[in-house]
Amino acid sequence: MTDWSKERAEHLAPVPAPTNANAPIVGTVPLAGQAEQQPAALVPPGAPQGPASYPGQGGAANMAPAPAQAAAPQFWQPAPPPKAQPWDLPGAQQRELADKMAKEANPGSHWLDIAEKADSIQTHLQPVVSLRRTLHQKEFPLERLPPLLAAAVREAEGITQAPWSLIATCAITAVAAAVQLLTDVSRDDSLRGPTSLFAMTVAESGERKTTVDKLFTAAIHEWEAEAAAAAERNIKAARAMREAWDAQLVGIKEAIRKAARDGDDARQRELTTRMTDHMNAEPRMISAPSLLRQDDTPESLLMALSRYPGGYAAVSEGALLLGAHGMNPESVMRNLGQQNGLWDGQRIKRERVSSFSADVEGARLTVGLQLQSAVLTEFHKKNGELADGMGYFARFLINIPSSTQGMRLYRLSNHGRQALTAFKERLKHLLRCHRLDPDGKLLLHELRLNAVPETKGIWIDYHDSIEEELGPRFKYSDVRGAASKSADNAARLAACFAMFDEWPTDGNVVITPDHMRAGADVARWYLDEALRFQKTMAVPEAILNAEALEWWLAEQCFAREGRTYPAASVLRLGPNKLRTKAARDAALDVLIAHGRIYQECDKKDRSLNTLVLPAAVLREYQDTFEVTTQ
């Protein structure tokens, strides 16, 4: 009870009921036939309460004239009209009054602090909800890698201070690039596939991926140089044979033309038979092994694989491989289909009437793709539906590393390079062991999971555990494509680990249960990353537009040190893609639904509305726009 209402209850004496039934009730209109009476004065507590104290008591005849009295003192004051409170007013007035009250209560405070206090006393604001669900990266299971591989990753981290998952992904793809030239892996009698891996790292410039790549591809560069030197003599001999063959072909053609001019049919038939035999004896060109492919277009990559049946596309500018620049959907679909086929180990045949053509069979390709988020977002915006429909990204081991930029303070490296040196020698040994048949195709071994029953059982358990999570509202229901390929990737990883660990000269290797468990654990980590990718990178356009509008409005608010902005100005000054009424209103609807903006409305014309950003939203941008709270 407030002070003034308590005072009123204590000092306001009740008026006794009149004893004369004919007397009118004080303060009421008199009944018919009765004289109009004056209202009784309020008597202070403790004053005499005699019969004459109440006019009209005992009837009019007995009433003595009342002596003249001074006005009775007031012992209470009526309640003053209550001050308007924010919750009593509609939206615009509520916000304005709340801002005024917060400013009066906190003079000299920063405008954002005042806005925060004003929001706390308003009733129409809904909770602020993030536009994206945040999933934090789990720690990479480094302990599951083969010991030498894990030690090399640790040394590389000590040298570069790059994110752990980025380093591990570079190391794993380098191993796969070598192992794919030696063996396939069979999950059962009808499921045999390459040990190639496709990996994609989504990271901004400056994460030192190029530096890390150099550490783990040094072995490939050295092996390529050794192989080129060893093949130089044979390459020259093959080139000489080809030139001689070409000259002989020219001679045969000239002889056929002469026989045709002379009308010598028998000679023409003889020369035609000779030309047929000559064409069948065409010498095969020899080229030095070239495994590393960097920043190739899809066409140049396929041409390289037609010359040498193995490739490691360590692509730093991923858009070239994706074919996203200015290509029509048919070209993009053809390029993505080509890469899907190489991941599956299929034959790729491309024919053109006037230019490029290739026929690649039995080739193996590992991809280490690096993309900046802006490039990936743009690609997904233009071709995401097509890529998802083809299951392109489902084949990738996706990695979105947590940035270490800002934390890489200089430190004197006490890490030697013993593990990295041993890693390089192991990888070079694997590369030297692969063989080609006379037609230039890889001679591949086959690692079978069912060679060890326990290994096959572990793979089946992993396969089934993922399958059970694909139903509606289960963990992997939103990444069914990647989940459906995860068991295949687990088998490929296990095969790579086994070959890296145990490859001897005679090629007698099996995938042990430990290798299979490691492959399953690493594959599950990448599957969880695919879930993060789907939630954080594959964002619907409606959310991207809402984020763009919110960012722009926050920038304007900080520049003006106020949190309101006219909706009409968005059409003139806002982000280019939101300068239409439909686009602006769609973005506003998303922000309003998430409580990240509210409007002080004009029901007839939305352009007359005022947009207001809650203080909680503005706080998220405080560091971005370099505002210091006082």
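The values are calculated or read from the model by the stated rules, or taken from the named source; none is laboratory data. These numbers were taken from a predicted model, which means no experiment stands behind them. Counting neighbours? That spans all protein chains shown, and the Cβs are built from the backbone with ideal geometry, glycine included. Just the protein is used for accessible areas: all its heavy atoms, side chains included, with ligands, DNA and RNA removed. Shrake-Rupley method; radii C 1.70, N 1.55, O 1.52, S 1.80 Å.
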When you scan the range 258-275, how many residues do you find that are part of a helix (DSSP H, G or I) and surrounded by 11 or more Cβ atoms within 10 Å (Cβ to Cβ)? 11
Every listed condition ((1) at pLDDT 80 or above; (2) not in a helix (DSSP H, G or I); (3) not β-branched (Val, Ile, Thr)) holds for residue 343 save (2)
Determine the pairs where a residue that is closer than 14 Å to residue 397 by Cβ and touching a residue at least 40 places away in the same chain (Cβ under 8 Å), located within the range 131-143, has a partner that is among the aromatic types (Phe, Trp, Tyr) and open to solvent by 100 Å² or more (accessible area, probe 1.4 Å) with Cβ atoms under 7 Å apart, the partner being 6 or more residues away or on another chain. 140/164
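Quick grid of which residues meet (1) touching a residue at least 40 places away in the same chain (Cβ under 8 Å); (2) assigned to a helix (DSSP H, G or I); (3) open to solvent by 10 Å² or more (accessible area, probe 1.4 Å):
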residue: 440; (1), (2), (3): yes, no, yes
residue: 486; (1), (2), (3): yes, yes, no
residue: 491; (1), (2), (3): yes, yes, no
residue: 494; (1), (2), (3): yes, yes, no
residue: 501; (1), (2), (3): yes, yes, yes
residue: 518; (1), (2), (3): yes, yes, no
residue: 521; (1), (2), (3): yes, yes, yes
residue: 535; (1), (2), (3): yes, yes, yes
Selection over the range 426-438 where residues are surrounded by fewer than 19 Cβ atoms within 10 Å (Cβ to Cβ) and either of a type in the set (A, V, I, L, M, F, W, C) or under 37 Å from the mean Cα position of the chain (by Cα) (or both) yields a count of 3
Could you tell me which numbered condition residue 248 fails, if it satisfies all but one of (1) within 30 Å of residue 289 (Cα to Cα); (2) within 60 Å of the chain's Cα centre (by Cα)? (2)
With respect to the numbered conditions (1) open to solvent by 30 Å² or more (accessible area, probe 1.4 Å); (2) of a type outside the set (Val, Ile, Thr); (3) at pLDDT 75 or above; (4) closer than 26 Å to residue 195 by Cβ, which one is the sole condition not fulfilled by residue 311? (1)
Pick from 624, 610, 628: which is modelled with pLDDT under 85, of a type outside the set (Phe, Trp, Tyr), loosely packed, with under 15 Cβ neighbours inside 10 Å and closer than 15 Å to residue 562 by Cα? 628
Would you check if residue 408 is surrounded by fewer than 16 Cβ atoms within 10 Å (Cβ to Cβ) and out of contact with any Ser or Thr (no Cβ under 9 Å at 6 or more places or on another chain)? no
Specify which of the listed residues (240, 255, 219) is within 45 Å of the chain's Cα centre (by Cα), assigned to a helix (DSSP H, G or I) and farther than 30 Å from residue 531 by Cβ. 219
If you go through the range 564-572 one residue at a time, do you hit one that is assigned to a loop (DSSP other than H, G, I, E, B) and surrounded by 19 or more Cβ atoms within 10 Å (Cβ to Cβ)? no
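Which is at pLDDT below 50, exposed (fewer than 10 other Cβ atoms within 10 Å of the Cβ) and out of contact with any Ser or Thr (no Cβ under 9 Å at 6 or more places or on another chain), of 78, 127, 107?
Only one candidate qualifies: 78.
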Residue 365: under 20 Å from residue 222 (Cα atoms) and either modelled with pLDDT of 85 or more or part of a helix (DSSP H, G or I) (or both), yes or no? yes
